[in-house]
Amino acid sequence: MNNIIQFVNTHPRNRLIIVPKDFIDVPYIDIGKSLSIKLRGVPEESLPNNAVKFLDEIVDLNLQYSVEFGNYIAIENIGILLEKDLKIDIKNTLQKYSRDTALIVKWEGEIEESKLYFLSKEQGVEINLKDITHIIL
C-alpha cells in the first residue's frame with residue numbers, strides 16, 4: 001500500500017496502478033459486466049460510439065475517494081475493452097482515465113516489464129504501457 005501512496009503523491013502525469021488479483025481491498029467495478037449490460041440491444045454499427053460513451057458514464061458514476069489515493073476508480077474484468085467490434089484503443093483509454101484520477105486495474109493476465117498480456121503472452125493481446133506513467137505491484 002505504501003508503494004501506491006508514494007506513487008500517487010509524486011503527482012505523475014498518469015496514475016495507472018496495475019495490481020494482481022485481490023491485492024488491494026477496494027470496491028472494483030466489473031467493466032465487462034457493466035459495459036455488456038449497457039450495450040445489450042445496440043446495433044452492431046453503433047457499438048464503437050456507444051461503447052466509449054457508456055464507458056465514460058460507468059467511470060463517472062463509479063468514482064471513489066480515499067484519503068490515501070484521492071479520487072480513484074478501480075476496475076476489473078477489462079477483457080471487453082479488447083473486443084475488436086468495439087474498436088476501443090485500450091492504451092489511450094488507460095491514459096485518459098488515469099490522467100486526473102488514480103486508475104486501479106486488477107490484472108489477471110501476464111506482466112513482463114511494462115507490457116501487459118491479456119490472457120497469456122503467447123496467445124493474448126499485448127498492451128505496452130511504456131508511455132503511460134504507471135506502477136505494477
Note down the magnitude of the dipole of the chain about its Cα centre, charges +1 on Lys and Arg C-beta and -1 on Asp and Glu C-beta and zero elsewhere, to the nearest 20 debye.
260
Give a residue-ordered list of calculated ³J(HN,Hα) values for region 126-137 (Karplus: 6.51 cos²θ - 1.76 cosθ + 1.60, θ = phi - 60°; whole Hz; x for Gly, Pro).
9, 10, 8, 9, 3, 8, 10, 5, 8, 9, 10, 9
Antiparallel DSSP beta bridges within the chain, percent to nearest 5
40
If R0 is 22 Å, what FRET efficiency do you get for ASN49 and ASP131 from their C-beta distance, rounded to 0.05?
0.30
Compare LYS84, LYS38, LYS115 in a GNM of the chain, Cα atoms joined below 10 Å, and give the one with the largest fluctuation.
LYS84
Taking placed amide H atoms and a strict 5 Å upper bound, the residues 5 or more places from ILE75 or on another chain that come that close are ILE29, ILE104, VAL105, LYS106
Give me Rg/Rg_expected for region 1-76, where Rg uses Cα atoms only and Rg_expected = 2.2 N^0.38 Å with N residues.
1.31
HN-Hα J couplings of region 102-115 from phi, Karplus 6.51/-1.76/1.60, θ = phi - 60°, integer Hz, Gly and Pro as x?
6, 10, 9, 10, 6, 10, 10, x, 8, 9, 9, 6, 9, 10
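Bear in mind that the values in this text are calculations on the coordinates, not laboratory data. Note that the structure is a prediction, hence the values are computed from the model and not measured. Using ideal geometry, Cβ is built from the backbone for each residue, glycine included, and neighbour counts are taken over all protein chains shown.
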